[in-house]
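Colleague: Here it is, the structure in full.
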Amino acid sequence: MAKLTIPQEELMSSGHIGCLGCGATLAMRYLLKALGKRTMVTIPAGCIAIMSGIYPRSFLKVPLLDVAFETTAASASGIRAALDAKGIKDVYVVGFGGDGGTADIGIQALSGTAERGDNIIYVMYDNEAYMNTGIQRSSATPFGAWTTTTPVGTTGDFKKRPKKNMVEIMVAHDIPYAATASVSYPEDFVKKVQKAKDMDGTKFFHVFSPCPTGWRFSPEMTIQMGVLAYQTTVFPMYEVENGVYRVTKKPAKRKPVTEYLKLQGRFKHLDDETIEIIQKNVDKNWEMLLAKAEFTKKYAE
Amino acid sequence: MAKSVEDLPYIPLMSESSAVNKTGVWRVIRPIVNQEECNQCYTCWKFCPDVAIQIDEEGNILIDYDHCKGCGICEAVCPKNCIEMVKEE
């Protein structure tokens, strides 16, 4: 029997009603594997809120609190304050929001939590649009993507603004730990969570969670999408510890972005000129990330 | 399960596991594991989004057909290509 590379204990139940090949549920599964049973999770509206199915079912084996869309981080702060008042120290409090619930609607509460330095873990599972309500554009939708509110049609009206960089926003709050991770690399994700979970302060994870329904690809390709996003550096893997950048995984050879884009229906309208813009932007972000890692290296303890 | 509104608690609490949802009925293609060729690397177990792949005492892969939705990720990630997706009857 080969050795398992991630903890075996399952704290997420089967029977959740996520779509076939859902990336968000994988993010939740790996997160709970890394944190263990002494965890409380608070979730806003979004895909993850409907996973349990009808009342009174729950898809987690740990306490789960459903809250209003904008209050994920605030409720996590509140749970932490209540635990502190009761003198309970060994419980991890997790806010688990989607990209809409984090980058758009919940950003004010999250900013407050990070500024106060509340001791919670915040995970943003990023499927790059409001998938639960029917693929509406969010601020984390990448440049060039089709969504139902950027419908392309005959006018070519795809999303014209780049993706909001949430890790940078959180780093600007001077938090102890912020990182990106991908459901295609669970060992990396689990390692990062285990490294950060006992740090004091707000910890932020940006988890890349491919969505077959919204991105228009076949469900068995979920893992492959994450791998390609990493290999093309559309979604690089890095961590920022007290302001010091470190690229945790570097592809041996970067692939052109077309390899990632061509497999997804939401990018099928793109012409060569637009793909060139995307490639240039990805190149720029990757070089800037490497430069940041190089520049901040000297501040590492 | 509560029979009427009066039976429900004042504060709504989740009291049942989602495992009662038999999501296996969604499936149109079914994964079949070739146990002879499987070298028990557990890559499929690792990537199953429905927690529908279990490991038994001998270390063999067991698929929970009550909950497997047939997404095909296990077939796509298997390094030995020993999982086959067959159409449901």
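Coordinate-derived values only; no laboratory data. Not measured: the values here are computed from a predicted model. Note: ideal-geometry Cβ built from the backbone for every residue, glycine included; neighbour counts use all protein chains shown.
Colleague: Taking amide hydrogens as modeled 1.01 Å from N in the peptide plane, which residues meet the under 5 Å criterion relative to residue A:238, leaving out close sequence neighbours?
Modeller: Answer set, sorted by chain and number: A:180, A:248.
Colleague: Now a separate question. Within chain B, what's the longest stretch lacking chymotrypsin sites (Phe, Trp or Tyr not before Pro) that sit in DSSP loops with no more than 15 other Cβ atoms inside 10 Å?
Modeller: Counting at most 15 other Cβ atoms within 10 Å as exposed, the longest clean stretch of chain B is B:11-64.
Colleague: Now a separate question. Go through the range B:2-48 and name the trypsin sites (Lys or Arg not before Pro) that are in a DSSP coil and have 14 or fewer other Cβ atoms within 10 Å of their Cβ.
Modeller: B:3, B:22
Colleague: Average partner chain C-beta neighbours within 10 Å, per residue of B:43-55?
Modeller: Mean partner-chain Cβ count within 10 Å for B:43-55: 6.
Colleague: At most 13 other Cβ atoms within 10 Å and a DSSP loop assignment: could you name the GluC sites (Glu not before Pro) in the range B:1-87 that fit?
Modeller: For GluC sites (Glu not before Pro) across the range B:1-87 that sit outside H, G, I, E and B with at most 13 neighbouring Cβ atoms in 10 Å, the list reads B:36, B:37, B:57, B:58.
Colleague: Restricting to DSSP loop positions (anything but H, G, I, E, B) with no more than 14 other Cβ atoms inside 10 Å of their own Cβ, which trypsin sites (Lys or Arg not before Pro) remain in the range A:121-181?
Modeller: Here the trypsin sites (Lys or Arg not before Pro) that fit, given the DSSP loop and packing criteria, are A:160.
Colleague: As a test of the formula, what do you get for chain B when each DSSP H run with n ≥ 4 contributes -39,500 (n - 2.57) and the sum is divided by the residue count, at 222 nm and rounded to the nearest 500 deg cm²/dmol?
Modeller: -2000 deg cm²/dmol
Colleague: Pop out the ³J(HN,Hα) list for the range A:228-243 in order, Karplus 6.51 cos²θ - 1.76 cosθ + 1.60 with θ = phi - 60°, rounded to Hz; leave Gly and Pro as x.
Modeller: Using θ = phi - 60°, the values come out as 5, 4, 6, 5, 8, 6, 4, 10, x, 9, 8, 9, 10, 10, 6, x Hz.
Colleague: Let me test this: with uniform point scatterers at the alpha carbons of the protein assembly as shown, what is the Debye-based log₁₀ I(q)/I(0) at q = 0.07, 0.12, 0.13 1/Å?
Modeller: -0.31, -0.96, -1.13
Colleague: Which ³J(HN,Hα) values, rounded to whole Hz and listed in residue order, are derived for the range A:154-160 from phi using the Karplus coefficients 6.51, -1.76 and 1.60 in 6.51 cos²θ - 1.76 cosθ + 1.60 with θ = phi - 60°, glycine and proline given as x?
Modeller: 8, 8, x, 8, 7, 5, 9
Colleague: From Cα pairs below 8 angstrom and at least 6 apart in sequence, can you work out the relative contact order of chain A, rounded to a whole percent?
Modeller: 16
Colleague: Please order B:41, A:22, B:68, B:48 by the number of other Cβ within 10 Å, starting at the fewest.
Modeller: So the ranking, lowest neighbour count to highest, is B:41, B:68, B:48, A:22.
Colleague: May I pose another question? With axes computed from alpha carbons, what is the tilt in degrees of helix A:72-86 against the longest principal axis of chain A, rounded to the nearest 10 within 0 to 90?
Modeller: For helix A:72-86, the angle is close to 20 degrees.
Colleague: OK, next. Quote the relative contact order of the range B:19-87 in percent (integer), defining contacts as alpha-carbon pairs under 8 Å separated by 6+ residues.
Modeller: About 48 percent, as a whole number.
Colleague: How large is ³J(HN,Hα) for each residue in the range A:282-295, as worked out from phi by the Karplus curve 6.51 cos²θ - 1.76 cosθ + 1.60 (θ = phi - 60°), to whole Hz, x for Gly and Pro?
Modeller: 5, 4, 4, 4, 5, 5, 5, 5, 4, 5, 4, 4, 5, 5
Colleague: Ignoring everything except DSSP H segments at least 4 long, calculate the 222 nm mean residue ellipticity for chain A; use -39,500 (n - 2.57) per segment, divide by total residues, nearest 500.
Modeller: Per the formula, -10000 deg cm²/dmol.
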